[in-house]
1. If I ignore ligands, DNA and RNA and count only protein heavy atoms, how much of Ser54 is accessible to a 1.4 Å probe, in Å² to the nearest 10?
2. Note down the magnitude of the dipole of region 288-446 about its Cα centre, charges +1 on Lys and Arg C-beta and -1 on Asp and Glu C-beta and zero elsewhere, to the nearest 20 debye.
3. What per residue convex hull volume, in Å³, do the alpha-carbon atoms of region 326-446 yield?
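The values are calculated or read from the model by the stated rules, or taken from the named source; none is laboratory data. The shown structure was predicted, so the numbers you read here are calculated from the model rather than taken from an experiment. All Cβ positions, even for glycine, are placed from backbone atoms using ideal geometry, and neighbour counts span all protein chains on display. What goes into the accessible areas is simple: the full protein's heavy atoms, side chains included, and nothing from ligands, DNA or RNA. Shrake-Rupley method; radii C 1.70, N 1.55, O 1.52, S 1.80 Å.
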Amino acid sequence: MRRSKKGTTTLFLAIILSALILVESTYMAYVADLDRRLTYTRALKEQTQIYLASYDRILFKAYGIYAFNASQIDSELFDSILSSNGYEPGDVMYVSGVYSFDTEALKRAVAVFYSYRAPGIVINRLSEYINALIEQLDSSGAYSSIRQFTSSPASGVFGRILSGGSDIVEAVLMAVNTLGLDESSPELQFFWSLMDGLGTLNNDHPDIGEGFDPTDTGFLLNMIEFQSGLYGIGTSFNEGIGQHLCLFDYAANNFDTFLPDDTTMNGTEFPAFHEDNIPDSEYILTGIEGVGGCALTFLYIYGFCFVKNLVTNLTDPDTYELMQAAGEILSAAVSALSLGSVPLPPEVYTAVIAAVLSELQSTGDLSDILAGDSITLYEVEGLGGITMDYRDFLTIYMSFVPDDLLVSRMVQIINRDFPDHVTGITTGTSIYGEDISYEAAYELYG
């Protein structure tokens, strides 16, 4: 049997070439599949970046927050990229949010927001001012005097005087005669103006909750103790003071209030994304929605004004002289009406008169503040004074709210106005039964 070398070579080449053809075909199929995968991945990546670039501009302008609504996106870009690479865009793309907008995201957003605002917050000094006022009341003895009056039968007689009946007026005039004063004296006029003002206030008082009763001397104590208690709460939050300063200033000045024509820090009008005049800042402060949150906020402000005015009245010589005279009239009137059964030292009555005057002044202050005006805390001759408006007061009291409550309440409001917004996203599609996906998020939250 003869063997041909050519036949052997042919057979050998056939075996080798068939293997090479198989390998090359495999490589070609692999490269084609890789190219397809890369094309789809690139389409997903570019589509995702377009989504991230299309963040809500109003949300960003108002709150400095990068986020977009996943329900409003489409696959037009994805399809166009596939078509430009020779692929039919028949596959269905899916989109899902990766990172929802949460408290940690808000903390980072606030930090960035303030990195370019540089607000120069001075609220620490203002909050300490509250404590200084309380200390002055303690050192002056006014607080203990009001407490002594409240716990004595004299407070009940005082209520009768406020009624202004003819027998009460007669008793007061008799007391005035014993003091050597006449009916036209400025001291008596001052006394009656206070009593009349307090009676009017009782019938038409500020809308700051059912607990407001200007004729109840116990209410005066509550105002002082309430302010002192708030400061005690605020001083316990010293950790992370830098972040806390930014958070409470952001909460006080960047959310809607009951005030008309309100805007965010950057001038965005709230009707651009929700109804006008929603008391959101009041909710963040108190945790109470609607009218209840407003009433409690107004009570905070009234209490601050009351303490401030009380200290001012006790330290102003001219005012104090008038209050002393009015206190003597009140003391004599109480003595006459009680037949001398409730003896109290003169300084007690002076402190009560000071508190009554402060109630009337604080009502006027609160009215001005709620009308959008400012009040003066104190003035230095030739240097002007420190003035405060409604948002300034919000800022002070926000400083007493713990960070976790501030942030969680703010996130609730933002998610209410901008529902379904996310800070990161996954895009994907299925080719030949296999899923391909791409995930990305804003670097700020990543």
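1. 70
2. Its charge dipole is roughly 460 debye.
3. Details: hull volume 30.3 nm³, N = 121.
Expressed per residue, the convex hull around the Cα atoms of region 326-446 is 251 Å³.
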